[in-house]
């Protein structure tokens, strides 16, 4: 008769390789963050403070602009009943 060999295998790594792989990926993300600007892109690099002019001078109208008057309010009622038709003129002969 043929002899059968049974081989048992036990996994003893206990997830060490997975944890090491996650650590390497996180390290690469941090390195890429600093290589492509990192926190420096959020800081003001020019050294000049941000200034906002609150008292902006009024803009003057160009001299050749057409005078267009726009109505204050346009009342559009899409559910309005149609107006009754005007009566036809009578033919009196």
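Quick note: the coordinates plus some simple rules give every number you see, no bench work behind them. Computed from a predicted structure; not experimentally measured. Heads up, the Cβs are rebuilt from the backbone with ideal geometry, glycines too, and the neighbour counts pull from every protein chain shown.
Sorting check: for 67-75, 27-35, which peptide has the highest mean count of neighbouring beta carbons within 10 Å, and how do the rest follow? The partial results should precede the final answer.
On the way: 67-75: 5.2, 27-35: 9.9.
Output ranking for 67-75, 27-35: 27-35, 67-75.
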Worksheet item: In nm, what is the difference between 0.36 nm times the number of residues separating residue 8 and residue 32 and their Cα-Cα distance?
Response: 4.3 nm
Worksheet item: Distance in nm between label sites at residue 22 and residue 63, each 7 Å beyond Cα in the beta-carbon direction?
Response: 7.4
Worksheet entry | Highest to lowest packing among 16-23, 83-90, scored as the average C-beta count within 10 Å | 16-23, 83-90
